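One structure is given here, and the rest of the page talks about it.
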Amino acid sequence: MALVDLASHSNGRPVALADISQRQEISLSYLEQLFAKLRRNGLVKSVRGPGGGYLLSRSAEDTRISDAIMAVDEPIRATRCKPNTGSGCQSDKSRCLTHDLWEELTHQIHLFLSSVSLADVVNRRILGKSQLGQPLETDGATPPAGGGEEPVRTNVAAE
């Protein structure tokens, strides 16, 4: 959210975190932490002094949503299991029956977020965008019941 705000309000001039904080209703201290990570990872640059703030380090078209999430160390996982450990989330360290399903979802989320730029979000060029307030078209089938592992949520304020 913060980087999309920066991309849409910058117009070549630095944007103050206080302004982003107010517009996006995100804590200023949290934004300061996020932008320190974003700066260290080369996504934004800071400008000091009067009229200072932050600018994108590269164009919004060349900045991927996945870049922002990885820069602020927010994992994108749909499983409770820690990746690349070989152990599962069950109490006996085994994998649940739906582990591979959620692992593939994690992979698909990463692929999708890697294909979306900040400019895509700013310009509302996201494929498959939901139609809020519109009824979903279904084939009459009952949605599957939940179960297995609960998806782990990530904080996307850095977007």
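Since every read-out is calculated from the coordinates, none of them should be taken as a lab result. Given the structure is predicted, the values throughout are model-derived calculations rather than measurements. Don't worry about glycine lacking a Cβ; one is built from the backbone with ideal geometry, like all the others, and counts go over all protein chains shown.
For the reader, a short list of remarks on this structure follows.
- Taking amide H positions as modeled 1.01 Å from N, with prolines and chain starts lacking one, no residue 5 or more places away or on another chain lies under 5 Å from residue 43.
- Label-reachable residues, the stretch 34-65, where backbone N falls under 17 Å from a point 7 Å from residue 73's Cα toward its Cβ: 34-43
- Rounded to the nearest 20 debye, dipole of the stretch 2-122 from Cβ charges on Lys, Arg, Asp, Glu: 420 debye
- Distance between the stretch 86-114 and the stretch 5-41 - C-alpha centres, whole angstrom: 32 Å
- In order along the stretch 7-17, the phi-based Karplus estimate (6.51 cos²θ - 1.76 cosθ + 1.60, θ = phi - 60°) of 3J(HN,Hα) comes to 5, 8, 10, 6, 6, x, 10, x, 10, 6, 4 Hz; Gly and Pro are listed as x.
- Derived scalar couplings ³J(HN,Hα) [the stretch 35-42; Karplus, 6.51 cos²θ - 1.76 cosθ + 1.60; whole Hz; x for Gly, Pro]: 5, 5, 5, 4, 5, 4, 9, x
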